[in-house]
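The values are calculated or read from the model by the stated rules, or taken from the named source; none is laboratory data. Keep in mind that what you see is a predicted model, and the values were worked out from it rather than measured. Heads up, the Cβs are rebuilt from the backbone with ideal geometry, glycines too, and the neighbour counts pull from every protein chain shown.
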Amino acid sequence: MIEKVSHIGIAVKSIEAALPFYHALGLEVEAIEEVASQKVRVAFLPVGKEVRLELLEPTSTESPVAKFIEKKGEGIHHLALATTNLQERLQELEEKGIRLIDKTPRPGAHGADIAFLHPQSTGGILLELCKENH
Ligand code: ZN
């Protein structure tokens, strides 16, 4: 069901300002794209072959990520686990009483379908399930 850790989402005020640190670690940007629905710019930095860091920079004060940074500051925003059959998985979880933020998958960065689970049901973690399509 859950295949692996897909990525770790990190909220930053500015991707450009954050990058020197990641470059110092020896990580490189694979792609930067804008996800209009979430009002964020996203930079992907592969860590090994399977996992990525996802730097999330708000493009509007209305962005959920802008609100996160306002409340909690920059830092780890969400954990994403890769799964197959995302819609089925969401239905199963809902039947088990897990609170969902997204009841149906929506398009995320990197061509993936994504859905968030509510931190109330996950022990305080904003958990993203994603079906990678690449
Ligand atoms: Zn993500």
Exercise. Counting only residues that are under 16 Å from the mean Cα position of the chain (by Cα) and away from the ligand (no atom under 13 Å from the Cβ), how many does segment 87-103 have?
Worked result: 1
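Looking at Pro58, is it over 16 Å from Ala112 (Cα atoms), modelled with pLDDT under 95, in contact with a helix residue (DSSP H, G or I) (Cβ under 8 Å, 6 or more places away or on another chain) and not basic (Lys, Arg)?
Values: over 16 Å from Ala112 (Cα atoms): yes; modelled with pLDDT under 95: no; in contact with a helix residue (DSSP H, G or I) (Cβ under 8 Å, 6 or more places away or on another chain): yes; not basic (Lys, Arg): yes.
It is false that Pro58 is over 16 Å from Ala112 (Cα atoms), modelled with pLDDT under 95, in contact with a helix residue (DSSP H, G or I) (Cβ under 8 Å, 6 or more places away or on another chain) and not basic (Lys, Arg).
What do you reckon, is Leu81 of a type outside the set (Ser, Thr, Tyr) and under 11 Å from Cys130 (Cβ atoms)?
Taking the combined requirement at face value, the residue satisfies it.
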Exercise. Just checking, which of Pro107, Pro119 is away from the ligand (no atom under 14 Å from the Cβ), of a type outside the set (Val, Ile, Thr) and at pLDDT below 95?
Worked result: Pro119
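Please verify whether segment 64-80 includes one or more residues that are over 19 Å from Ile15 (Cβ atoms) and modelled with pLDDT under 95.
Of segment 64-80, the ones over 19 Å from Ile15 (Cβ atoms) are 71, 79.
Filter once more, keeping what is modelled with pLDDT under 95: none.
No, the conditions are met nowhere in segment 64-80.
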Seminar exercise, completed: Counting only residues that are in contact (Cβ under 8 Å) with a residue 24 or more places away in the chain, within 16 Å of the ligand (Cβ to nearest atom) and not in a helix (DSSP H, G or I), segment 1-47 contains a total of 21
For this session: Could you list, in sequence order, all residues of segment 59-86 that are within 16 Å of the ligand (Cβ to nearest atom) and of a type in the set (S, T, N, Q)?
Result: Thr59, Ser63, Thr83
Problem set entry | Cβ pairs under 7 Å, 6+ apart, first in segment 48-76 and closer than 16 Å to Ile125 by Cβ, second away from the ligand (no atom under 14 Å from the Cβ) and among the aromatic types (Phe, Trp, Tyr) | none
Exercise. Yes or no: Val47 of a type in the set (A, V, I, L, M) and in contact with a Ser or Thr (Cβ under 9 Å, 6 or more places away or on another chain)?
Worked result: no
